[in-house]
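Working notes, beginning with the structure itself.
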Amino acid sequence: MKMQKEMKKYCPKCKKHEIHGVGIYKKGKDRKAAEGARRHAEDKKGYGGQKFPELKRTAKTTKKITLRYTCKTCKRQTMKEGMRLRKLEIQ
């Protein structure tokens, strides 16, 4: 799917419709020392194996793409979970 680089959208900080830049949100690197990661590592350790079954193959062929909108006037960023797509092209 093709999408425009800029679009007019409501900004909650400016409290009016402004031009927003559109980008795809990408998740950052996980922290090894995070509480959830430490807890999961403890559950996996020793005999007994995995806490939850490891997924052999996924049922879905697409992922939901999260879009990140940046207001051109105040630089406030808002995110919106988009639709399921194989590929998103921003032009």
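Here, each number is a calculation from the coordinates, and none is a lab measurement. The model shown is predicted, which means the values in this text are computed figures rather than measured ones. Note that we place each Cβ from the backbone using ideal geometry, even for glycine, and neighbour counts take in every protein chain shown.
Key figures for this structure:
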read-out	value
Residue in the stretch 42-60 that is among the hydrophobic types (A, V, I, L, M, F, W, C) and within 30 Å of HIS17 (Cα to Cα) present	no
Any pair with Cβ under 9 angstrom, 6 or more apart, that starts in the stretch 44-59 at a residue that is without any contact (Cβ under 8 Å) to a residue 60 or more places away in the chain and on the phi < 0 side of the Ramachandran plot and ends at one that is surrounded by 10 or more Cβ atoms within 10 Å (Cβ to Cβ) and part of a loop (DSSP other than H, G, I, E, B)	LYS44/LYS51
